[in-house]
Amino acid sequence: MADLTFFQDEFNRHASDGVLGDPQGKPGYAYLRVSTSAQAEEGRSGLPRQIARVHEIAAQSEIRISWDMVFADDHTGFEFTGRPELSRLRAEYTRPDRRANIVVIEYLDRLSRNSDWHQGYLLDEMRQHQIETLFWKGFSSRIERAVMGAVSQDGMERSLEIMREGMRDKARSGRVTSRVPAYGFMLVDADGNPSSKARQETYYAPHPEHAEIMQLIYYKIGVEGLGTFVLCKYLEERFPPPGRYKYWLPAAIRRLVRSPLYKGEYYHDRTTTILVPAKNQRLGEPTRMIKKKVERPREEWILVPVPPIVSVELWEAANAMLDKHAQMARRNGRVPYLLTGLVQCDSCGYGYSGKRQKKYLKDAEDNKPDFIRLYACNRSCPKSHHWKQEHQCGQSSMTADLLEKSVWIAVCEFMTKPESLIEQIDARLSDKGQAALRKQIAFLEQQIADSTHEDEKLYRAFMADVFDETEYAARRKSLKEKVATLKQERNSLSERVLSPEQVEADKTKILEFAAYVQDAGISEDASFEFKQRILKLLVDRIILNVKEGWFRINGNISGVWQIKERESDVSSPLPIASPAQAEREPIENTSARSGPS
């Protein structure tokens with residue numbers, strides 16, 4: 001909202017007996033608006049000019065406007081719902097005990113620059129409440145109003161586009177376009193100093209205190225596997241929250257960690273604002289629209305390199321851990337399940353979910369049921385009799401205590417002997433699957449190169465009048481789409497190829513994990529939260545085959561383990577095959593079944 005003290009002297013200069021217009025006239029409101037707060041300064045063509053013109057038309061029409069009847073906004077753009085003073089004025093003139101029946105405005109575009117419907121809506125609203133509108137420069141008909149509004153709207157749109165293009169040029173020159181620096185950064189000038197020129201030249205540099213806090217956040221999530229709720233409590237005791245926040249919030253931490261800014265990538269024009277229908281609207285009422293931020297197409301983003309606060313590897317590790325948190329979240333479950341989101345059926349590929357089954361105890365005096373925690377294949381859980389006959393995969397459920405204890409013992413064994421993990425990571429680099437990926441990438445590279453030559457041949461054929469420009473354009477468009485598809489597939493495969501540097505980074509991470517777990521005293525009686533934290537760090541997926549009595553772990557820990565028939569036998573399950581061997585050699589069925597059906 002505009003600061004009215006900027007032009008109170010102008011008001012007093014025109015006022016007689018403390019009012020604008022005619023001191024003996026009928027009461028009225030005044031509405032003023034400028035695009036920026038800078039235009040409100042005295043001597044600029046903003047609010048002082050509008051005060052003078054409102055006084056002129058009010059005097060001619062015998063209207064008096066006191067200081068408390070003046071409403072002024074400094075809002076930019078077409079929308080009217082976000083202007084506090086206009087909202088206050090609308091609330092004022094819709095009240096039964098309002099103080100006046102007239103609103104005085106300089107120009108129609110001060111009310112709104114949007115001629116499509118905003119101007120008509122506001123004028124119609126005033127008309128319905130018997131409010132008269134007076135303009136310093138008015139209009140004599142709806143046609144004239146529409147023309148004036150369209151001219152004003154076109155001018156505003158041109159100004160906005162010029163401003164947007166100026167911001168794009170600023171980003172292309174290597175400067176950030178944020179008015180307020182992101183948490184962890186500060187604005188500096190071209191020489192890297194936080195001088196008075198910093199707000200004009202707008203370069204980013206790490207904030208001496210906040211950057212260290214961001215590094216700590218990434219380390220706590222990416223390396224130690226801390227959840228955002230626990231991290232909030234940790235930060236609350238040590239550091240003040242960022243910006244306008246009163247507390248450290250999990251959602252705010254997730255937004256910070258997800259931002260590519262902290263690995264050195266600032267993007268201008270990454271998002272845009274659109275209007276979408278609001279949810280839970282009442283039937284029969286007009287559709288209420290709300291603003292929503294959406295991403296622009298990737299090719300419209302403008303990259304501005306900035307000094308990174310964390311390494312790319314740590315940034316990716318923290319974001320992967322956030323994904324794992326979402327995958328293993330308990331949500332609103334009544335009882336906890338350690339392996340939530342990790343277990344997948346070997347037969348059908350569906351996930352396993354936690355279920356509870358009633359169990360009546362014979363010795364119980366009140367005959368009340370107890371509950372057994374189970375993991376059950378989502379496909380095997382029948383939705384109807386027909387579904388059970390046609391779709392179930394044949395795998396039975398498994399008691400949660402048995403499976404969780406088996407998996408945890410496997411993890412304990414590996415973490416106390418990290419040498420076997422290092423051997424598996426080395427084997428991944430020379431794996432046949434990696435060789436196949438590289439072969440596919442080489443083939444796609446050749447296809448892309450061949451397409452480039454084909455594009456040159458098309459151009460030469462067109463210049464030789466082999467076909468007309470319409471056919472040339474169609475063929476070239478088809479070729480470009482083919483190349484785009486090839487490049488997308490190549491990039492997708494490249495992300496799955498392991499480089500020697502990645503393997504070495506994995507080794508370092510594994511050794512850090514092992515040292516951390518051993519220092520923390522890993523054991524079978526560790527707390528649920530501690531176990532889940534370690535599983536998030538080390539396990540990507542658990543493939544379970546209940547009928548054959550085994551499970552396979554994929555992730556930083558890899559291998560296949562047998563599950564004993566009795567829970568008392570799971571004290572030392574041993575890996576019976578590596579993942580590569582498991583694909584070639586069938587596993588002997590050592591137990592007919594584990595857990596209830």
Q. (1) touching a residue at least 24 places away in the same chain (Cβ under 8 Å); (2) assigned to a helix (DSSP H, G or I): which one isn't true of V497, the others all being true?
A. (2)
Q: Check whether at least one residue in segment 106-124 is modelled with pLDDT of 75 or more, of a type outside the set (S, T, Y) and under 22 Å from P23 (Cβ atoms), and report yes or no.
A: yes
Q | Count of residues meeting criterion [among the small types (G, A, S), modelled with pLDDT under 80 and over 37 Å from the mean Cα position of the chain (by Cα)] in segment 378-403 | A | 2
Q.
Against the conditions (1) part of a helix (DSSP H, G or I); (2) polar (S, T, N, Q); (3) modelled with pLDDT under 75, where does Q488 fall short? Just the number, please.
A. (3)
Q. Which one is surrounded by the most Cβ atoms within 10 Å (Cβ to Cβ), of the residues in segment 204-214 that are touching a Gly at 6+ places or on another chain (Cβ under 7 Å) and touching a residue at least 40 places away in the same chain (Cβ under 8 Å)?
A. M214
Q) Pairs under 7 Å by beta carbon, first residue charged (D, E, K, R) in segment 170-184, partner open to solvent by 60 Å² or more (accessible area, probe 1.4 Å) and at pLDDT 85 or above, six or more apart or different chains? A) R175/Y203
Q: Just one of (1) open to solvent by 20 Å² or more (accessible area, probe 1.4 Å); (2) within 22 Å of the chain's Cα centre (by Cα); (3) under 22 Å from W315 (Cα atoms) trips up Y247, so point out which.
A: (3)
Q: Would you please list the contacts, defined by Cβ atoms under 9 Å and residues six or more apart or on different chains, that run from a residue in segment 111-128 that is among the small types (G, A, S) to a residue that is at pLDDT 60 or above?
A: S112/R33; S112/L86; S112/H118; S112/Q119; S112/Y121; S112/L122; S115/L108; S115/D109
Q: May I ask you to say which residue of K480, K417 is open to solvent by 70 Å² or more (accessible area, probe 1.4 Å), modelled with pLDDT under 85 and within 37 Å of the chain's Cα centre (by Cα)?
A: K480
Q. Quick one: what pairs do we get from segment 336-354, first residue of a type in the set (F, W, Y), second open to solvent by less than 20 Å² (accessible area, probe 1.4 Å), C-beta under 7 Å, 6+ apart or different chains?
A. Y337/A400; Y350/C377; Y352/V343; Y352/C345; Y352/Y375; Y352/A376; Y352/C377; Y352/L544
Q. For segment 336-349, does any single residue satisfy the condition of being surrounded by fewer than 17 Cβ atoms within 10 Å (Cβ to Cβ), under 26 Å from the mean Cα position of the chain (by Cα) and not small (G, A, S)?
A. no
Q. For segment 215-244, what are the residues that are open to solvent by less than 20 Å² (accessible area, probe 1.4 Å) and more than 21 Å from K536 (Cβ to Cβ)?
A. P242
Q. Which of the residues that make up segment 93-107 are open to solvent by 10 Å² or more (accessible area, probe 1.4 Å) and over 17 Å from K26 (Cα atoms)?
A. T94, R95, P96, Y107
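The values are calculated or read from the model by the stated rules, or taken from the named source; none is laboratory data. None of these values were measured; they are calculated from a predicted model. Neighbour counts are summed over all protein chains in view; Cβ atoms, including those assigned to glycine, are modelled from backbone coordinates with ideal geometry. Quick note on the areas: whole protein, heavy atoms, side chains included, nothing else; ligands and nucleic acids left out. Shrake-Rupley method; radii C 1.70, N 1.55, O 1.52, S 1.80 Å.
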